[in-house]
1. Please work out whether region A:265-388 counts as rounded, prolate or oblate from its C-alpha gyration tensor, where a ≥ b ≥ c are the square roots of the eigenvalues and a/c under 1.5 means rounded, while otherwise a/b larger than b/c means prolate and anything else oblate?
2. Under a GNM of chain B (C-alpha, springs under 10 Å), which listed residue has the highest mean-square fluctuation: B:105, B:52, B:113?
3. Starting from the coordinates of the alpha-carbon atoms of the protein assembly as shown, obtain the Kirkwood hydrodynamic radius over all distinct pairs and give the value in Å to one decimal.
4. Relative contact order for region B:18-131: what is it in percent, counting Cα pairs under 8 Å that are at least 6 residues apart?
5. Take the alpha carbon atoms of region A:68-143, find their center, do the same for region A:1-47, and report the distance between the two centers in whole angstrom.
6. Is the C-alpha gyration tensor of region A:164-249 telling us rounded, prolate or oblate? Criteria: a/c under 1.5 is rounded; beyond that, a/b larger than b/c is prolate, otherwise oblate.
7. In what order do A:118, B:57 fall by count of nearby beta-carbon atoms within 10 Å, going from fewest to most?
8. Looking at the square roots a ≥ b ≥ c of the eigenvalues of the Cα gyration tensor of region A:305-375, which shape do they give, rounded for a/c under 1.5, prolate if a/b is larger than b/c, or oblate?
Ligand SMILES: [Zn+2]
């Protein structure tokens, strides 16, 4: 059993807002859904599967499914943080392959910018979560959890702040062409390493933006994909996993991508060097370096050297990444960057990215994300797509 | 020395963990280890995360360790350091490094346990570390 070729991404939509003081979260979900269905050439009544995660207001998928008045045969609200929506594409393909639904809608939306939620504030992830009493009092936030990964990576492999900065520099080169991006100025390595230290060794410009917004995807059965006027973007392979503290055998040098990546590549029947474009979750610069290593784009420990000197810049380097500007410059709606990773990968595969950053013949693309905290416990999801 | 200290929220004690926190009030640092596989673990659980055995028990640990990783929240209202500390002969635990010059902290540095008070009447102190 495989999902290879059993489903296609027919609709993808990124909400243009980055500051939505005048909208509700439910409204942003629904507007994103409408955008993705329009993009696919489908309507609400075609939807028979719905997927969302913890950003959706209400009990699991029920609140938003009822808001949009969907008639469903399949529901899934798997929440593994910011990469949930990458998993949802895989789950939608599984459901479609099993005959449970034919048109699956995935939505994400949130207003962390309007509501003042950033990654520097410790956040309780459920008072009854087994780790909460041991970690919440320590002031563990998003940024210092990732910063501990960066500190260890530097200690073990000699990775430098300048190398990490190249990730941001590459994202900024792409964001200059995106009229919706929050940060459109091209930055230099010097600007990144001279920006204020937030959580050592991470600087302000090592961190992603905080933005309001949303996004949606429509995953369909091959029979439906053939009737639509959009390019055929096939789900080729997927993998998902998680990694935690392993009972105290903590190892911050690698991520769940060491498991999700090989599963996705094996299912797709391709290897990292075949990939023409990669969307890599960039909550922080270090996130990209660790994931690239774990996905096999370079050797473990060599990620710093791999990302340096513009290697991630479209038209310049070997592996064009996050050509929308990513979470570092463009958008990080709901503090969850998974869906925008898939959306830009779909744009690239369709040949609909901005002409200045469109990768030539991007017929094989990858999206990978990390959810939760790389420094404590996190999900990982990998998706490989092919244009037919 | 550091500036103004961060107020530490009290841990949410539950029946599975109250022995640990009661011992902490007496200045004792307990580790949970498995009677079946013999391994200790962190954070403490009634069920062993290495083999899922329900036969686990508390043992006192002297509180020595080494910094595995550390990050200083440089722009927080009260600067503080989160860290992972690998306990001598034991697991690696998330903690804070306190009572020190944060700019001198290094991975590989030896540290020793210090219990720091948490907020609230009768709340247990939290196990943290300071350079040895
Ligand atoms: Zn055991």
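Bear in mind that the values in this text are calculations on the coordinates, not laboratory data. Owing to the predicted nature of the structure, the values given are computational and were not obtained by experimental measurement. Every residue, glycine as well, gets a Cβ built from its backbone with ideal geometry; the counts of neighbours run over all protein chains shown.
1. rounded
2. Highest fluctuation among the options: B:52.
3. When all Cα pairs of the protein assembly as shown are included, the Kirkwood radius is 23.5 Å.
4. Values: 235 pairs, mean separation 25.3, N = 114.
For region B:18-131, the relative contact order is 22 percent.
5. 16 Å
6. Since a/c reaches 1.5 but b/c is at least a/b, the shape of region A:164-249 is classed as oblate.
7. Ordered by Cβ neighbours within 10 Å, fewest first: B:57, A:118.
8. Because a/c hits 1.5 or more and a/b fails to exceed b/c, region A:305-375 counts as oblate.
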